[in-house]
Amino acid sequence: MNQNIQQKIDQYKKAAQTSPGSNPKPVRSKSVRVDSLAQVIRSQKDAENFMAELNSIVKRAQ
């Protein structure tokens, strides 16, 4: 192989080994799920009312 070409290959190999590269880390996307319960319960008071009704239903079922 031509000496000049071999030097270029060695130069590129050396640069590739020392270069940090640009391999970006994947970014996790926040999944947005919309369900009926999330649409109904919008405040702490709504959540408390829901839990009170749910506990009442569970007690009646036993």
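Coordinate-derived values only; no laboratory data. What you are looking at is a predicted structure, and each value in this text was computed from that prediction instead of being measured. FYI the Cβ positions are ideal-geometry reconstructions off the backbone, even for glycines, and counts take in every protein chain you see.
What the table below lists for this structure:
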quantity: For the chain, calculated [θ]222 nm from helices alone, where every DSSP H run of n ≥ 4 adds -39500 (n - 2.57); calculated: -20000 deg cm²/dmol
quantity: Gyration tensor (Cα) of the chain, equivalent ellipsoid semi-axes in angstrom; calculated: 68, 12, 9
quantity: Between helix 3-18 and the chain: long-axis angle, C-alpha atoms, 0 to 90°, nearest 10; calculated: 30 degrees
quantity: Estimated dipole of the chain in Debye, rounded to 20 [Cβ of Lys and Arg +1, of Asp and Glu -1, Cα centre]; calculated: 220 debye
quantity: With Cα atoms, 0 to 90° folded angle of helix 44-61 axis to the chain main axis; calculated: 60 degrees
quantity: Inter-probe distance in nm under a simple model that places probes 7 Å from Cα toward Cβ, at residue 30 and residue 55; calculated: 3.0 nm
